[in-house]
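The values are calculated or read from the model by the stated rules, or taken from the named source; none is laboratory data. Because the structure is a prediction, the values reported are computed rather than measured. Cβ placement follows ideal geometry from the backbone for every residue including glycine, while neighbour counts extend to all protein chains displayed.
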Amino acid sequence: MEQAPPDPERQLQPAPLEPLGRSDAGLGVAVDEEAEGAREEGSGGDTMTHNNFWLKKIEISVSEAEKRTGRNAMNMQETYTAYLIETRSVEHTDGQSVLTDSLWRRYSEFELLRNYLLVYYPHIVVPPLPEKRAEFVWHKLSADNMDPDFVERRRIGLENFLLRIASHPILCRDKIFYLFLTQEGNWKETVNETGFQLKADSRLKALNATFRVKNPDKRFTDLKHYSDELQSVISHLLRVRARVADRLYGVYKVHGNYGRVFSEWSAIEKEMGDGLQSAGHHMDVYASSIDDILEDEEHYADQLKEYLFYAEALRAVCRKHELMQYDLEIAAQDLASKKQQCEELATGTVRTFSLKGMTTKLFGQETPEQREARIKVLEEQINEGEQQLKSKNLEGREFVKNAWADIERFKEQKNRDLKEALISYAVMQISMCKKGIQVWTNAKECFSKM
Amino acid sequence: MAGGPPKALPSTGPHSLRDMPHPLAGSSSEEAVGGDSTPSPDLLMARSFGDKDLILPNGGTPAGTSSPASSSSLLNRLQLDDDIDGETRDLFVVVDDPKKHVCTMETYITYRITTKSTRVEFDLPEYSVRRRYQDFDWLRSKLEESQPTHLIPPLPEKFVVKGVVDRFSEEFVETRRKALDKFLKRITDHPVLSFNEYFNIFLTAKDLNIYKKQGIALLTRMGESVKHVTGGYKLRTRPLEFAAIGDYLDTFALKLGTIDRIAQRIIKEEIEYLVELREYGPVYSTWSTLEGELAEPLEGVSACIGNCSTALEELTDDMTEDFLPVLREYILYSDSMKSVLKKRDQVQAEYEAKLEAVALRKEDRPKVPADVEKCQDRMECFNADLKADMERWQNNKRQDFRQLLMGMADKNIQYYEKCLMAWESIIPLLQEKQEAKFPVTAVLS
């Protein structure tokens, strides 16, 4: 798998920092492997020396979340949550970690970082952020952004986001990313100074290209379809899962009513009383067990959500390709028409309609000097055009090559992560079943003593 | 099962069943085989095969009389019949084989009633007859009439809302069959009720309609007398022990009602959960069609969820068929018991009123008039019968509920075990084909 040569302006010199991810989400293993993979992949070419240069590893964690009030851009008071990002460097030899950096960031700053990365690494499948607003909620979960459970899950999601970047062979070397972790004040200004917002492709332009492009690389077309369908199927899955969780909650909680009525009933019974009473207690245990079970399942949902959002990132890469390809096609078209114009002027034949041709007919022929001048201009333009086309072609091919390399990397990551997620989901279900068997076996024993 | 070839049939009449082993297997059953049974020496009259005379084999008073003279024999029977093991039982009744009958006027179900007994009250050791719900209903009212001092077990609900429940569905018929079987077994286990005339006729008569139409009054003396107790007497205070029973029954019925509602709610929630699961599983299947390496794992998860859905459906079906009906039966039981309590109050009230009237008459004769004495007898018998039945009922109730609730726990355990198996079997599938480069550490508990 080849990598794009590091862009000196954007990338840190000397290069990486070998991040060793640490994550509370169940992706720890996968992320570690990602880092290992990065190390392995980086062992070719000139990055070899860089790797050996830095023996340290870094740990990144989003360790806390805090409610804050401040004034926004319009000088109005607002409440927001700030997250504490801690970076530790781990000494290779003794494994001890030293806190090197610690700063607070809010969600909008993460968004800024990501938008920057999207502009400067259009060939990379940029890791997504956790959702801005709580979606796919089931009834118990609050849709409130200030809800502590939501904030906690978002904290984990943000940490995961940073770890994904840190373990990406190319993204991890980005200077702005490094500053995000280390420079609290002025970071926003630094990012904006890169002028990345100006360089961003307009949505309209991209849409136009999508419709009009004639020969996109088939792989990207297929990938686009895949990402659309992936988005659709994961959304559906998350929606239904939320409903399933809701119903399951209901089933468990209603059993709690048995606890109360068995207790009341046992009061009027002589021999049956004890058995009923203790069985009722088990029913209460059963009813309350669902809270933990569903909380665990939320982690699974979060893992799926990440890939739902990843689908959008895939889509973005495809869009960039379409844009570049369209650009290329327009340039080629333009060049071809200029060449034709030139030819017509030189040979004096008019094959296609042109305004010049019309005016010539109407107002008389131009002088040979004028014609010569025009031919010269055109020839210059054609030369320029050919150079541009050449470089665009090269750019396009480079893009396809690099993007596809990252897409392959992404595919493997996705397969690994989702398999892990499915396994942990199955493990959760197994645990739930075992608990259920335990509770009902206990209840059965109580009933037998009635 | 139900829905078989339409056969309009009256009861098939008694015949021996060689295939079922007789519980008290011995030479007696072999003698009875073939139907040309030799009349038992106890019988005063020769019987023709299959005929059931109205005159009882032992002559004299029909069993079930509650005259004071027979209460001691009653007590004896009580003691004997309290051992409910196979060894001392002499009467076995089974309800099975439901069949649908389609006639011009109506469609209905009959059930086969198989009776095996060594009791002298039965001419033959084995009987097999067919009865429909109406017949059971008839039996119950006759029992209530003739044994007013006893607690008569309840029947499953008579009326079913058409359109809501299919009267001829397998589930409904099976649920009803079980309830009818329970009904007859409870009577069989009762030391007094099991000897009741009407019960005997019900179990043995070839054509029950003859008895129904002729309105044969086989009322016992007690039955008759209680029948004539007018409702005009009001009891001042219920004696403590019966008041306690009344209170108990009130609370009991209340709690059962609550449990019934909870159980229904659980089933409803489980069904709604099932509906969502049935949509959830297939989405994984759809996803697997988009993927390469993930296709099999996703498909596996889809299948797994499908298996859990099936297990859940079985659970809800079981609970609906086996759990709810028994609860309802007991609610009906306690309702009918409360009316028996009220009847007892009536009898006591009548006695007390008549006693007072006599005291007011200020006659010198110390002798208490005969009819007041009768009232006293009546009351004392009623009290004795009721107390005995209450105790019996409490024991049975305890056993029934132990069995019912253990059954409920069992069904839930089985459901979770099925799901556990499904998920455990899929773990190896999810773990396989990992590339050697990136070994995944399985997160197993």
So A:Glu131 passes all but one of these: (1) touching a residue at least 24 places away in the same chain (Cβ under 8 Å); (2) part of a strand (DSSP E or B); (3) acidic (Asp, Glu). Which condition number does it fail?
(2)
Condition check for B:Lys354: within 10 Å of another protein chain (Cβ to nearest Cβ), in contact with a helix residue (DSSP H, G or I) (Cβ under 6 Å, 6 or more places away or on another chain), under 30 Å from B:Phe242 (Cα atoms) and basic (Lys, Arg)
no
Given the conditions (1) more than 10 Å from chain A (Cβ to nearest Cβ); (2) at pLDDT 90 or above, and given that B:Ala436 satisfies all but one, which numbered condition is not satisfied?
(2)
Quick one: would you say A:Lys435 is charged (D, E, K, R), within 12 Å of another protein chain (Cβ to nearest Cβ), in contact with a Ser or Thr (Cβ under 8 Å, 6 or more places away or on another chain) and in a helix (DSSP H, G or I)?
yes
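Quick check, is B:Ala357 more than 25 Å from B:Leu254 (Cβ to Cβ) and assigned to a helix (DSSP H, G or I)? I'd like the intermediate steps shown before the answer.
Working: more than 25 Å from B:Leu254 (Cβ to Cβ): yes; assigned to a helix (DSSP H, G or I): yes.
Taking the combined requirement at face value, the residue satisfies it.
Here are A:Arg397, A:Arg371: which of them is in a helix (DSSP H, G or I) and either facing chain B (nearest Cβ under 8 Å) or at pLDDT 90 or above (or both)? Even if it seems obvious, please write down each step before you answer.
Values: A:Arg371 fails: either facing chain B (nearest Cβ under 8 Å) or at pLDDT 90 or above (or both).
Within the list A:Arg397, A:Arg371, the selection yields A:Arg397.
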Looking at (1) more than 30 Å from A:Lys419 (Cα to Cα); (2) within 12 Å of chain A (Cβ to nearest Cβ); (3) touching a residue at least 40 places away in the same chain (Cβ under 8 Å), can you tell me which one B:Leu312 breaks?
(1)
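Which residue, of B:Ser146, B:Ser117, is more than 30 Å from B:Leu249 (Cβ to Cβ), surrounded by 17 or more Cβ atoms within 10 Å (Cβ to Cβ) and among the polar types (S, T, N, Q)? Give the derivation first.
Numbers: B:Ser146 fails: more than 30 Å from B:Leu249 (Cβ to Cβ).
The conditions single out B:Ser117.
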Looking only at the stretch B:368-385, decide whether some residue is in contact with a Leu (Cβ under 7 Å, 6 or more places away or on another chain) and among the small types (Gly, Ala, Ser).
no
On the basis of being within 23 Å of B:Lys387 (Cα to Cα), over 24 Å from the mean Cα position of the chain (by Cα) and at pLDDT 85 or above, does B:Ala253 make the cut?
no
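The rows are residues; the columns are (1) touching a residue at least 60 places away in the same chain (Cβ under 8 Å); (2) of a type in the set (Val, Ile, Thr); (3) closer than 22 Å to B:Leu298 by Cβ; (4) not in a helix (DSSP H, G or I).
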| residue | (1), (2), (3), (4) |
| --- | --- |
| A:Gly256 | no, no, no, no |
| A:Val261 | no, yes, no, no |
| A:Ile268 | no, yes, no, yes |
| A:Leu276 | yes, no, no, no |
| A:Ala287 | no, no, no, no |
